[in-house]
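Notes for the one structure printed next.
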Amino acid sequence: MKIGIIVYSKTENTYSVAQKLQEKLMAQENEVEIQRVTPIGEVNPKAKNIQYENKPDVIKYDSIIFGSPVHAFSLAPPMRAYLEQIESLHGKDVACFVTKGLRFNWTGGNQAIGKMKKIIESKGGKVVGTDIVVWNKNRDQKIDEMIRKFAILF
Ligand SMILES: Cc1cc2nc3c(=O)[nH]c(=O)nc-3n(C[C@H](O)[C@H](O)[C@H](O)COP(=O)(O)O)c2cc1C
C-alpha cells in the first residue's frame with residue numbers, strides 16, 4: 001500500500017512522530033512517504049488565504065495520515081487551510097493525529113481532531129483512526145501506543 005504521511009510541524013515534534021510512524025509502517029511492507037506542509041513566512045492565525053512553499057499532492061496515495069500541532073486550542077491554521085484546499089480524498093482511508101503541549105485533550109486536542117475529521121469527510125475521505133499525543137506527559141509511551149494503533153489500520 002502506498003501511504004502518505006502529511007504533516008505540518010513548526011517545532012519538529014509532530015515531524016518526529018511522523019518519522020517513527022514511517023519506520024513502523026515501512027517494516028510492514030508499505031511504501032511510505034513523509035511530506036511536509038510548509039507555509040510561506042509567519043502565518044497570521046486569523047489568515048484565511050494561506051500560501052504554501054510546499055503543498056503536498058494527495059492523489060498518488062491509497063491512504064493518508066495527517067499530523068499537526070494544536071495551536072490556540074484548535075487545529076494549527078496552516079494544516080486547517082491546507083486540508084480545506086485539498087480537492088478530493090475520495091476512496092482513501094485517512095487517519096489523523098495531533099501533538100499538543102497541555103496535558104488534557106480538551107485543551108485543543110479534541111477540537112483539532114474534530115476539525116480535521118470534518119474537513120476530511122467533507123472531501124470524501126474515510127476517517128479510520130485518530131489520536132492525540134500530549135508532549136509534556138508520558139510522551140514516549142503515548143507515541144508507542146499511537147504507532148501500535150495506527151499500524152493495525154494499514
Ligand atoms: C502558537 C502556539 C500555540 C499553541 N497552543 C496550544 C494549545 O492551545 N494547546 C496545547 O495543548 N498546546 C499548544 N501549543 C503547543 C504545541 O501544540 C506543541 O508543542 C506541539 O507538540 C508542537 O508541535 P510541532 O513541534 O510539530 O510544531 C501551542 C504551540 C504554539 C507554538
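Of note:
- Here is the list for segment 1-103: GluC sites (Glu not before Pro) lying in DSSP coil, each with at most 16 other C-beta atoms within 10 angstrom of its C-beta, are 12, 29, 42, 87.
- Of 2/100; 24/126; 46/118; 20/48; 2/48, those spanning more than 26 Å from alpha-carbon to alpha-carbon: 2/100; 20/48; 2/48
- Charged-residue dipole, Cβ positions (Lys, Arg, Asp, Glu), segment 69-154 about Cα centre, Debye nearest 20: 200
- In nm, spacing of pseudo-spin labels at residue 48 and residue 144 (7 Å Cα→C-beta vector): 4.8
FYI, it's all coordinate maths here, none of it is from the lab. Since the structure is predicted, the reported quantities are computational estimates derived from the model, not experimental observations. Here the Cβ is made from the backbone with ideal geometry for all residues, glycine too, and neighbour counts use every protein chain on show.
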